[in-house]
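These notes are about the structure you will find just below.
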Ligand SMILES: Cc1cc2nc3c(=O)[nH]c(=O)nc-3n(C[C@H](O)[C@H](O)[C@H](O)COP(=O)(O)OP(=O)(O)OC[C@H]3O[C@@H](n4cnc5c(N)ncnc54)[C@H](O)[C@@H]3O)c2cc1C
């Protein structure tokens, strides 16, 4: 089912769209674990589940394999992430044709990050430099439902800050995107401000908030610095007190993600996209709490 129909159904049934994000593991054992996680999360009836796309190597083919397996062996609706990294137009067209042939209907169109060992993203010859162009390319030649990424606190490379991200989100919408999924944030005001500004610019597509359940303090600080998400002082204080206690950190993560999700849903967000990261425990707890 296409994302616009999934979101329309959620609206008609007055239920929030809860979705989960996975990544393609590097090993067969990791893939087995992911599969167990998918089976644990399936009874929650997520609106859709998405699978990220790596910067190269075997995980790219794993993305396709996992997405197709979800589509054909479960009742879940998958969304395949696709990036511009290392692919020419021909490569992308071939992959999209394969997805179409296996009845995959939803694509998250991204630029992607620079592969390991490279300082910054560079488009390859015959490829695309931005997700705006990839979105237009997919929209022109295939009948996918296209979602895109967006950044309520601004993408780290956006020289003009959030204003740039809003400008490019509008172009993504004009180029065929029907929904956006945000980078995670810990202060919902970032999302509300971004959504209000988007509305004023004529951005009408749903902006689905991304929620990251914290599992490890040091890891979340490192990752947030890289992707431009602010860790507020109150959260530092809370997590610092339990930095060596993994169980307590996870419980705090669940509590914060639940509170954030409840607030977002009661303030008219279409739902939440949970960065499940191939683990089921936090996502199950958050959904039960909701
Ligand atoms: C929900 C979500 C899922 C993700 N999944 C993956 C994944 O599966 N694999 C992966 O590798 N990464 C993934 N990422 C990370 C993402 O690839 C990075 O954040 C990347 O740096 C930017 O991707 P983008 O699609 O937002 O790029 P873009 O929208 O192309 O933006 C990249 C930068 O260029 C600027 N820009 C955008 N369009 C233009 C334009 N037309 N002209 C000039 N400047 C422009 C923007 O301001 C921004 O600074 C994901 C991020 C999110 C939020």
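Any read-out appearing in this document is the output of simple, stated calculations on the displayed coordinates, not a laboratory observation. All values reported here derive from a predicted model rather than from experimental measurement. Cβ sites come from the backbone with ideal geometry, for glycine too, and all protein chains shown count toward neighbours.
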Take the chain, connect every pair of alpha-carbon atoms lying under 10 Å apart with a spring to form a Gaussian network, then pick out the residue of 213, 43, 16 with the largest mean-square fluctuation.
43
In what sequence do 259, 64 fall when counting other Cβ within 10 Å, fewest first?
259, 64
Going fewest to most other Cβ atoms within 10 Å around each Cβ, 189, 5 line up as 189, 5
Please give the per residue volume of the convex hull enclosing the alpha carbon atoms of region 141-222, rounded to a whole number of Å³.
116 Å³
Once the Cα gyration tensor of region 36-187 is diagonalised, what are the square roots of 5 times its eigenvalues, in whole Å and ordered largest first, as equivalent ellipsoid semi-axes?
24, 19, 16
Alpha-carbon centroids, region 206-280 and region 137-175: separation in whole Å:
23 Å
For Cα pairs less than 8 Å apart in space and 6+ apart in sequence, what is the mean separation divided by the residue count of the chain, i.e. the relative contact order in percent?
19 percent
Considering every Cα-Cα pair within region 58-104, what fraction, in whole percent, is farther apart than 14 Å?
50 percent
Stokes-Einstein D in µm²/s, Kirkwood radius over Cα pairs - region 186-249 at 25 °C with 0.890 mPa s viscosity
181 µm²/s
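Where does region 118-160 land on the Kirkwood hydrodynamic radius, alpha-carbon pairs, in angstrom? Please list the in-between numbers first.
Working: mean 1/r = 0.0800 Å⁻¹.
With all distinct Cα pairs of region 118-160 included, I get 12.5 Å.
Output needed for region 128-274: three equivalent-ellipsoid semi-axes, defined as square roots of 5 times the C-alpha gyration tensor eigenvalues, in descending order, whole Å.
Value: 30, 16, 14 Å, ordered largest first.
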Just the ratio, please: alpha-carbon radius of gyration of region 207-290 over 2.2 N^0.38 Å, N its number of residues.
1.06
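Which semi-axis lengths, in whole Å and largest first, follow from the square roots of five times the eigenvalues of the Cα gyration tensor of the chain?
Details: eigenvalues 144, 99, 84 Å².
The answer is 27, 22, 21 Å, longest axis first.
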Would you compute the Debye intensity of region 14-98 from its alpha-carbon atoms alone, equal scatterers and no solvent, and pass along log10 I(q)/I(0) at q = 0.11, 0.15, 0.25 Å⁻¹ to two decimals?
-0.31, -0.56, -1.27
